[in-house]
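The values are calculated or read from the model by the stated rules, or taken from the named source; none is laboratory data. These numbers were taken from a predicted model, which means no experiment stands behind them. Positions of Cβ are backbone-derived with ideal geometry, glycine not excepted, and every protein chain shown enters the neighbour counts.
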Amino acid sequence: MQRRANIWNNIDWTTVFIYLLLVLLGWINIYAAVYNEDHQSIFDFSQRYGKQMIWIFAAFLLILVVFTIDIRYYTFFAYFIYGVMIFILLAVLIFGKEVHGAKSWFEIGNIRIQPSEFAKIATALALARYLSSFNVQINSFKSYLRIGLILFLPAFLILLQNDTGSALVYFAFALVLFREGLSGSVFLLGILIVILFILALVLEKITLIAIAVIVALIVFWILTRKFKQFAMAVLIFVFSSAMFWGIDYFLGLKILKYYIILLAIALSSIIYVYLAFKHKIKHVFILILFLFGSIMFAFSVDYVFHQILEHHQQKRINTLLGLESDPLGIGYNVNQSKIAIGSGGFSGKGFLRGTQTKFDFVPEQSTDFIFCTIGEEWGFMGTFFVTSLFIALLLRLVYIAERQKSSFSRMYGYGVVAVLFFHIIINIGMTIGLMPVIGIPLPFFSYGGSSLWAFTILLFILLRLDANRLETVK
Amino acid sequence: MDSFAGRKNIIRVLIVLIGLIYIIRLFILQVVDSSYKLTASNNVLRYETQYPARGLIFDRNGNLLVFNQAAYDIMVNPMQLDAFDTTEFCSILEITKEYIDENIKSAKEYSLYKPSIFLKQVSSVTYARFQEVMFKFPGFFVQPRTLRKYTYENAAHVIGYVGEVNDKIIESNTYYNQGDYIGISGIEQSYEDYLRGKKGVNIYLVDVHNRIKGSYNNGKFDVKAEVGANVISTIDINLQKYGEKLMQNKSGSIVAIEPSTGEILALVSAPGYNPELLVGRARAKNYNDLNIDSLKPLFNRAVMAQYPPGSTFKIMNALVGQKEKVLNPYTTYSCSGAYFAGRFRLGCHSHSSPLNLPQSIQISCNTYYCNVFRSILDNRNYPSVRDAYESWRNHVVSFGFGKALNSDLINELNGLIPTKEYYDKVYRTENWKSLNIISLAIGQGELGTTPLQMANMTATIANRGYYYIPHIVKEIEGDFNLDARFYKRNYTSIDSVYFEPVIKGMELAVNGEAGSGSTARTAQIQNIIVCGKTGTAQNPHGEDHSIFIAFAPKDNPQIAISVYIENGGFGGTWAAPLARLMIEKYLNDSISQPYWEEYILNSDLITKNAKKSQHLE
Ligand SMILES: [Zn+2]
């Protein structure tokens, strides 16, 4: 009895309060988004707000369940839960139901459950469990491989379900790795790969090569700070390009331009290496290695994209990167969403007075685009309040994570921060045109049982761990 | 122990920084930027979808095949409905009050806010009358649409048709809304993304009385509709028309391909139907009638029917035999009217003996190919019959058999070339013998090939060893390219030298002297060297199917063709003269021996076979 009372006293009521506020605001906006005169009762369970109410109460029950489970089980069963989750993700690929092109739902009677929402919890637990094992050295090849596997497996299965948005969430766990000391160069490499990946699809090959060369030269300049060497390097490259261009021109070979540049790069690299060796200039080898690595990577991305991926897969990536306009599809949604939010003005049109977020102008307005309703009906005051509330929640969770004695709890805490942060950035960002349209819900706000339950469990496991923070658990 | 604790501050800064950026952006969007503001009186936006004209379809010579005709749908938006004079409404649109109630109810069920179709495809006269009084009926408006029209009654299977999207499509593809049209088969389906163009949208400001007050934000957020791209088909409509005429009162198919490109010149599936039947209000009824027709006119036999290839497959065995070095052009086998192996006997017809390779194709000797096939499978270079068979199968598959060719035709069948595992199961041992599957020697047994695959094999022979994937579209107008797979040469595993003796045999089969035993002399054309091979597909349900494959001219071939006539018996009887007419029509645009045309046109195999089966009963 004594111990039980302890738990309730140690709960972080600030977080609970923010959580309750967010869920309540979410429900009010869902009500506004689907409100119509024929169905006004808030207990109309044929309407989304009625259903959401049921899910909110069910979420409260889940909180009680989470709190009755002894915290040792979360550590002990972390891998087991993860394993079961992977199995369920596989099962949904085979037995799942397809909704809006994504095969990521289980249908039991009238209820649809989306396992991918819950997979984040399992992954956060498994990652924390792995990183907190006492013999794990985060910056070793072995850990990179294992961490990669823990994150890649669920992401890949979700990608197979055709739910790109939910799969991208797994990038967010980089935040946990960052906090736990993943080497800076691994991060730089990761960022470089992402940039190259996007550039390889966005730019022409020749432009990409030119940019890579220029970047390499600039980096060389920054590292050495010797103008003479830098000027030499530029001249060598210009001369070798001119030479190959001249040969092509006078012999009338009509070689493609980018072959000429490639030849020029190859020749200048040989000269660079020779000079660097002779004059003992630093950084040259590694730079050339990087240059060639980048070009090869970009070319393989290009090859995979055009030769291996199917047309619809190419299309999905293109729309994500904004390369393919889709007037009544994604681009249209963003316009509608911006009009809705913008038309809210400073103080909004008032509760249930929104015109743009009703009548299906904004698609998915109660799920992915719920932020539009806030913007339209509550204006800047509303969006400022909600955004601030989310920032406060995230900062509070960082604070909670940091005060944990057990490293498992801290890492799990950062997992929660990472997942919530990613969802918030992407979801709000896409409604105001700052982020590509990736269909993932706004935590605690968006309509949908699976996401509400999953975020609730995710958060309250942390609060449960936190309530016990004074009892040291290895 | 926790030496990276300092990084927590970086994370905090990151959270606050991104939060600030978002808040600033929201401030600009909601407070600073005035372009999103609406006034109190003009506070509703109306979105009107702009439907682009669907792309036209032409044949390879620029003849227009499919175009558009305007039609008007009366739409209803349940949210904007108000009381109105139903009597006047009913008399203008020629509908009943029950119709109104029923359709408004179902529109409300679909969506309260999205418009639904209330009345489909009214005439332009009705449209004009309704337009004048439309203001009296709030909630109703007219949506112009385009209906497909066809210049010719032909090529229905090639072109396909257009119809309304169903719920499943709306659910899975956000582009389509209720009442939108989509290509359902043929070119209309496989090139839907190009033909449909892109819908646009105009945004209008609307006052509280639902009257348009002007364009929202000077059209800044409007999206212009993009007209659908025109598509140029590979078919030659005159050849297609001629093919369909020849196939009247017969069931079967014709596929003609230009070997040097893989372009399909004609693709006939008989009986066919008039594409006009699947347009407009009568569509559902017509579709139903066609669907229950016992001769299956909706079924595209050219790609969806599979038959055993019969004797045409001897060519395949001749090629594989040479490649596997168990056969050369001078190899002779004698035939005494049948092939014997122990107590096994497989019949042949009477002919001169012995024969060499070209003669064996000319005369289509079964015995010769039983010998060839067994020498392929019992080849000592392979550890077992199974392995030799697998190698044989790989050669066959390299011609595009056993799997769909991946053309741009819809619903292409894979066909069937059994795997060695299949026979392991059938004979319950891995030690089956070449004699067990001897029927493959003459193209019978478990083989299944589609008329398209056979035409492709013929084109491959004409090319002496490679093919382009057959395709039905030559060009998409605008900045679009055909898929790269249609420009790629697919080489078979057979070297080009091995094709010459086979082609010699095919030449003799058509052009051999009278009395020489040539099987396809009915395909002869003056001054053109046609190379062909007859076949007969065994049909357990009735008379055998007549098959003929051919290409012409022998050098620099322009056309490769496969002709199937169901229940037509021996290939030389019906299929060969029909192919002959098609080839001459394509190459010369005239027929030198018109009696062949009469012979084909006057034959009614459908009634004949129907009578025969009645008689049997
Ligand atoms: Zn014989």
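Contact map, the stretch B:101-113: first residue closer than 17 Å to B:Asn177 by Cβ, second residue modelled with pLDDT of 75 or more and not hydrophobic (A, V, I, L, M, F, W, C), Cβ cut-off under 7 Å, separation 6 or more or different chains; pairs are B:Ala107/B:Pro78; B:Ala107/B:Ser116; B:Lys108/B:Pro78; B:Tyr110/B:Ser116; B:Tyr110/B:Gln178; B:Leu112/B:Pro78.
Could you check, for the stretch B:15-37, whether at least one of its residues is under 30 Å from B:Val227 (Cα atoms) and at pLDDT below 90? Scanning the stretch B:15-37 turns up at least one residue that is under 30 Å from B:Val227 (Cα atoms) and at pLDDT below 90. Taking each residue of the stretch A:391-403 that is within 15 Å of A:Phe444 (Cα to Cα) and looking for partners that are aromatic (Phe, Trp, Tyr) with beta-carbon atoms closer than 7 Å, six or more apart or interchain, yields A:Leu394/A:Phe421.
Just one of the listed residues (B:Pro308, B:Pro297) is outside the structural domain of B:Thr450 (by TED's automatic domain parsing), modelled with pLDDT under 95 and in contact with a Ser or Thr (Cβ under 9 Å, 6 or more places away or on another chain), and it is B:Pro297.
Quick check: anything in the stretch B:316-331 crowded, with 16+ Cβ neighbours inside 10 Å, under 25 Å from B:Ser562 (Cβ atoms), within 15 Å of the ligand (Cβ to nearest atom) and modelled with pLDDT of 90 or more? Yes, the stretch B:316-331 contains at least one residue that is crowded, with 16+ Cβ neighbours inside 10 Å, under 25 Å from B:Ser562 (Cβ atoms), within 15 Å of the ligand (Cβ to nearest atom) and modelled with pLDDT of 90 or more. Here's a check for you: in the stretch B:360-380, which residue that is hydrophobic (A, V, I, L, M, F, W, C) and more than 19 Å from B:His349 (Cα to Cα) is nearest to the ligand (Cβ to nearest atom)? Residue satisfying both the conditions and the ranking: B:Ile376.
Results for (1) in a helix (DSSP H, G or I); (2) farther than 27 Å from B:Ala305 by Cα; (3) touching a residue at least 24 places away in the same chain (Cβ under 8 Å), shown as yes or no for each residue.
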| residue | (1), (2), (3) |
| --- | --- |
| B:Gly535 | no, no, yes |
| B:His541 | no, no, no |
| B:Ile547 | no, no, yes |
| B:Val563 | no, no, yes |
| B:Gly571 | no, no, yes |
| B:Ala579 | yes, no, yes |
| B:Tyr586 | yes, no, yes |
| B:Tyr595 | yes, yes, no |
| B:Tyr599 | yes, no, no |
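Inspect the stretch B:48-61 for any residue being at the interface with another protein chain (Cβ under 7 Å from one of its Cβ atoms), modelled with pLDDT under 90 and not in a helix (DSSP H, G or I) and give the result as yes or no. Among the residues of the stretch B:48-61, not one is at the interface with another protein chain (Cβ under 7 Å from one of its Cβ atoms), modelled with pLDDT under 90 and not in a helix (DSSP H, G or I), which makes the answer no. For the stretch A:125-173, the set of residues classified as among the small types (Gly, Ala, Ser) and closer than 24 Å to B:Phe4 by Cα consists of A:Ala126, A:Ala128, A:Ser132, A:Ser133, A:Ser140, A:Ser143, A:Gly148, A:Ala172, listed by residue number. Within the stretch A:188-214, the residues that satisfy the criterion of being more than 15 Å from the chain's Cα centre (by Cα) and small (Gly, Ala, Ser) are A:Ala200, A:Ala210, A:Ala212.
Among the residues of the stretch B:260-308, those identified as among the basic types (Lys, Arg) and over 13 Å from B:Leu452 (Cβ atoms) are B:Arg281, B:Arg283, B:Lys285, B:Lys296. Residues in the stretch A:224-240 that are under 17 Å from A:His279 (Cβ atoms) and surrounded by 14 or more Cβ atoms within 10 Å (Cβ to Cβ): A:Thr224, A:Gln229, A:Phe230, A:Met232, A:Ala233, A:Val234, A:Ile236.
Somewhere in the stretch B:201-209, is a residue touching a residue at least 12 places away in the same chain (Cβ under 8 Å), surrounded by fewer than 17 Cβ atoms within 10 Å (Cβ to Cβ) and under 30 Å from B:Phe137 (Cβ atoms)? Yes - at least one qualifying residue is present in the stretch B:201-209.
Hey, among the residues in the stretch A:359-379 that are facing chain B (nearest Cβ under 7 Å) and at pLDDT below 85, which one's nearest to B:Ile24 (Cα to Cα)?
Per the stated criteria, the residue is A:Phe361.
Residues in the stretch A:261-297 that are among the small types (Gly, Ala, Ser) and surrounded by fewer than 17 Cβ atoms within 10 Å (Cβ to Cβ) were compared, and the one that is nearest to A:Ile193 (Cα to Cα) is A:Gly293.
This table checks each residue for (1) of a type outside the set (Ser, Thr, Tyr); (2) modelled with pLDDT of 90 or more.
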residue: B:Gly568; (1), (2): yes, no
residue: B:Pro577; (1), (2): yes, yes
residue: B:Met582; (1), (2): yes, yes
residue: B:Leu587; (1), (2): yes, yes
residue: B:Asp604; (1), (2): yes, no
residue: B:Thr607; (1), (2): no, no
residue: B:Ala610; (1), (2): yes, no
residue: B:Leu616; (1), (2): yes, no
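Of the residues that sit in the stretch B:410-436 and are free of Cβ contacts under 8 Å to residues at least 60 places away in the same chain and of a type in the set (A, V, I, L, M), which one is farthest from B:Phe340 (Cα to Cα)? Even if it seems obvious, please write down each step before you answer.
First, pick out the residues of the stretch B:410-436 that are free of Cβ contacts under 8 Å to residues at least 60 places away in the same chain: B:414, B:417-433, B:436.
Keeping just the survivors that are of a type in the set (A, V, I, L, M) gives B:417, B:426.
On the way: B:Ile417: 25, B:Val426: 23 Å.
My answer is B:Ile417.
Consider the stretch B:332-347 and keep the residues that are assigned to a loop (DSSP other than H, G, I, E, B) and within 16 Å of the ligand (Cβ to nearest atom). The one that is surrounded by the fewest Cβ atoms within 10 Å (Cβ to Cβ) is B:Ser336. Applying the selection to the stretch A:169-187, what residues are more than 17 Å from the chain's Cα centre (by Cα) and more than 13 Å from every other protein chain (Cβ to nearest Cβ)? A:Ser185, A:Val186, listed by residue number.
Considering only strands (runs of 3 or more DSSP E) fully contained in the stretch B:73-190, which possess at least 3 residues that are under 30 Å from B:Ile232 (Cα atoms)?
B:140-150, B:162-164, B:181-183
Close contacts from the stretch A:147-174, counting a first residue that is of a type in the set (Asp, Glu) and a second that is at pLDDT 90 or above, with Cβ to Cβ under 8 Å and a gap of 6+ residues or different chains, come to A:Asp163/A:Ser116.
Can you tell me which residue is farthest from the other protein chains (Cβ to nearest Cβ) among those in the stretch B:348-359 that are more than 9 Å from the ligand (Cβ to nearest atom) and outside any helix (DSSP H, G or I)? Steps first, answer last, please.
Restricting attention to the stretch B:348-359, the residues satisfying the condition of being more than 9 Å from the ligand (Cβ to nearest atom) are B:352, B:354, B:356-359.
In the following step, the residues that additionally are outside any helix (DSSP H, G or I) were identified as B:352, B:354, B:356.
Details: B:Ser352: 54, B:Pro354: 51, B:Asn356: 46 Å.
Step by step, filter the stretch B:348-359, then rank; the result is B:Ser352.
Strands (runs of 3 or more DSSP E) fully within the stretch B:191-251 that include at least 1 residues being within 11 Å of another protein chain (Cβ to nearest Cβ), within 23 Å of B:Glu153 (Cα to Cα) and among the β-branched types (Val, Ile, Thr): none found.
When the stretch B:285-298 is examined, which residues are found to be surrounded by fewer than 11 Cβ atoms within 10 Å (Cβ to Cβ) and part of a helix (DSSP H, G or I)? Explain how you work it out, then say what you get.
Residues of the stretch B:285-298 that are surrounded by fewer than 11 Cβ atoms within 10 Å (Cβ to Cβ), as a first pass: B:285, B:288, B:292, B:294.
Within the stretch B:285-298, B:Lys285, B:Asn288, B:Ile292 meet the criteria.
Filtered by the rule that a residue be under 18 Å from B:Tyr369 (Cβ atoms) and out of contact with any Cys (no Cβ under 6 Å at 6 or more places or on another chain), the stretch B:439-457 gives B:Ser439, B:Leu440, B:Ile442, B:Gly443, B:Gln444, B:Gly445, B:Glu446, B:Leu447, B:Thr449, B:Met454, B:Met457. Residues in the stretch B:459-487 that are touching a strand residue (DSSP E or B) at 6+ places or on another chain (Cβ under 8 Å) and touching a residue at least 12 places away in the same chain (Cβ under 8 Å): how many? Qualifying residue count, the stretch B:459-487: 18. For the stretch B:394-409, the tally of residues that are surrounded by 14 or more Cβ atoms within 10 Å (Cβ to Cβ) and touching a residue at least 60 places away in the same chain (Cβ under 8 Å) stands at 10.
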